[in-house]
Structure formats: C-alpha cells, structure tokens
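Everything on this sheet refers to the single structure shown next.
Each reported figure results from applying straightforward, stated rules to the coordinates on display, with no laboratory input. These figures come from a predicted structure and were not determined experimentally.
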Amino acid sequence: MLDKLVVFVLTLKMRLSDERGQDIMEYALLAGFIAVGFAVAAALVLTTGVWNKMVTTILHCIDFDSATTCGP
C-alpha cells in the first residue's frame, strides 16, 4: 500500500512540474489581453462621438451640392 502511495505522489509531482503546453497558455493569455485592449479602444471611439463626427464629415464631403470644404 505504501508503494502505491509513493508512486502516486511521485507521478503527481512529475505531472505538476511538466511544462508542456505552457507556451500555448501564454499565447492564449496574450491573445486575450490584446482582444480586451481592442474592445476597450473600440468602446472609447464609439462612445466619445469621434465616430459620429467622422461619418458626418465624410457625408458632407460626398454631398457635392453642399458648400462644405473637404480637407484632411
């Protein structure tokens, strides 16, 4: 019985110290952080009115009957 317990503990220790798959987890965490960053940036752009101003300016530049001067 003691031999089985020793084998179990040694096997468990070996599995916990195994580093296979660690790089996949690091890449997954990195991708998650990048996705959260993009989501926050998109939310800030959409809620600050910058998007609405840009679309309005583009629509005025497309409308050639308007007296709006289009510039950079």
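Overview of results
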item	result
Cα-Cα pairs of the chain separated by more than 21 Å (percent)	65 percent
At least 24 Å along the helix axis (C-alpha) and Kyte average at least 0.0, DSSP helices within the chain	22-47
222 nm mean residue ellipticity, helices alone, for the chain (DSSP H n ≥ 4; -39,500 (n - 2.57); rounded to 500)	-26000 deg cm²/dmol
